[in-house]
Each structure stands twice: as C-alpha cells, then as structure tokens.
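The values are calculated or read from the model by the stated rules, or taken from the named source; none is laboratory data. Keep in mind the model is a prediction, meaning the values are calculated, not measured. Positions of Cβ are backbone-derived with ideal geometry, glycine not excepted, and every protein chain shown enters the neighbour counts. Heavy atoms of the whole protein, side chains included, go into the accessibility calculation; ligands, DNA and RNA do not. Shrake-Rupley method; radii C 1.70, N 1.55, O 1.52, S 1.80 Å.
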Amino acid sequence: AGIIMGTGNGGDNIGVAPNASLVDCRVGDVITLGSATMTNFMEALEWVKDNAIRHNISVLSISMGTSHSTDGNDASSRLANEVVDSGVTVVVAIGNDDNGHNANIVSSPGSADKVITVGAIHDRNTVERNDDTIAGYSQRGPRPSDGDNDDMDELKPDLTAPGSDIASCMHNTL
C-alpha cells in the first residue's frame with residue numbers, strides 16, 4: 001500500500017497513486033502470522049466481487065497464491081476471472097521463490113486467463129533498460145496448458161516491473 005499510496009510526507013518518496021483509497025481484505029490469520037487458507041482467500045474474492053460497486057473498487061491487488069502451478073482452471077483462478085468479469089481489474093504478483101528454485105511455477109490465481117500477472121525485474125540500480133533482468137526470486141511461466149488451443153494465454157507473467165530494492169513507507173519516529 002505504501003508503494004502505491006504513500007504521500008512521501010512532502011518528500012521525494014511518493015507512491016504512484018498517493019490520492020487512491022484502500023479497501024483492505026485480510027485473509028491471513030494473525031495467530032499463525034499470516035497463514036491464509038484457500039477458504040479465506042475465496043471468501044475475500046467473493047466479497048470483492050459482491051461489493052466492488054458499493055465500495056468503488058476498481059483494482060484488486062493480490063500478493064499471494066498457491067504453492068503449485070495450475071492451468072488456470074482451478075477454483076480460485078475461475079473466481080478471479082469472475083471478479084474481472086464484474087468490472088474489477090485484478091493484478092496478481094506471480095510469486096517469489098527462494099533463489100529461483102522451482103521458478104517455473106505460475107500459481108493460482110496468477111494462472112487465471114483474465115488477471116494481469118506481474119513478475120519482478122532487477123534494474124541493477126541503473127536507468128539503462130538493457131541491463132534489466134528477471135529477478136532471480138521471481139517465478140515465471142509458462143503455465144500448464146488449459147487446452148483451449150490458445151498458446152498465448154499460457155505465457156505468464158503478463159508484464160514485469162521493478163521488484164528489487166523498492167523503497168516503501170516508514171513509520172514516523174516522532
């Protein structure tokens with residue numbers, strides 16, 4: 001949220017949409033330090049689908065997923081597609097894997113056809129684009145085929161963005 005909505009407190013580190021509003025749907029369990037069940041996650045997707053107009057939700061950002069690759073036909077991918085069909089743009093982080101092990105995983109709901117799946121690049125702290133690389137921890141596809149004869153929808157992520165050494169918000173120490 002800080003990367004998107006940070007105001008920078010008048011400084012240089014302003015988010016990309018400092019005037020945006022936030023509707024937070026917690027799916028993790030505080031007791032288990034953030035572990036989320038698929039049931040919690042699916043309930044949150046249903047809630048967004050059912051309440052998007054009421055709460056003026058236009059974008060849903062998801063930074064979690066399953067631990068295995070799917071073809072986009074699993075329950076959470078299908079529900080994420082339904083959220084898109086309801087008028088909400090769904091953006092999903094493709095996932096991070098320690099040191100690139102099993103990097104060729106496109107987990108759900110990032111494997112859904114209609115969501116925008118985002119991978120991380122490392123820009124080497126330069127403005128030059130020719131030295132950018134997919135970050136070693138960023139998962140990447142292709143995902144398994146969903147059998148629809150459209151090979152292009154297996155190519156994930158849909159786009160990449162800087163994901164290393166990103167400054168976000170910090171609490172006020174005063």
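Of the accessible area of the chain, with the probe set at 1.4 angstrom, what percent is carbon plus sulfur? Within the chain, the accessible surface is 51 percent carbon and sulfur. With the highest mean first, a sort of the peptides 108-114, 90-96 on other beta-carbon atoms found within 10 angstrom per residue produces 108-114, 90-96. Could you work out the helix-only [θ] at 222 nm for the chain, with each DSSP H run of four or more residues adding -39,500 (n - 2.57) and the total divided by the number of residues, to the nearest 500 deg cm²/dmol? Calculated from helices alone, the mean residue ellipticity at 222 nm is -5000 deg cm²/dmol. With both residues required to sit in the chain, DSSP beta bridges show an antiparallel share near 30%. Among (1) 12.3; (2) 17.8; (3) 13.0, which one is mean projected area of the Cα convex hull in nm² computed from these coordinates? Answer label, from the structure shown: (1).
Solvent exposure of the chain amounts to 63 Å² per residue of accessible area, where only protein heavy atoms count and the probe is 1.4 Å. Summing charges over all other residues whose Cβ lies under 10 Å from the Cβ of ASP165, with Lys and Arg as +1 and Asp and Glu as -1, gives 0.
Mean-square fluctuations from a GNM of the chain, with a 10 angstrom spring cutoff on Cα atoms, peak among ARG26, ARG78, ARG140 at ARG26. Rounded to the nearest 20, the size of the Cβ-charge dipole of the chain about its Cα centre is 500 debye, with Lys and Arg at +1 and Asp and Glu at -1.
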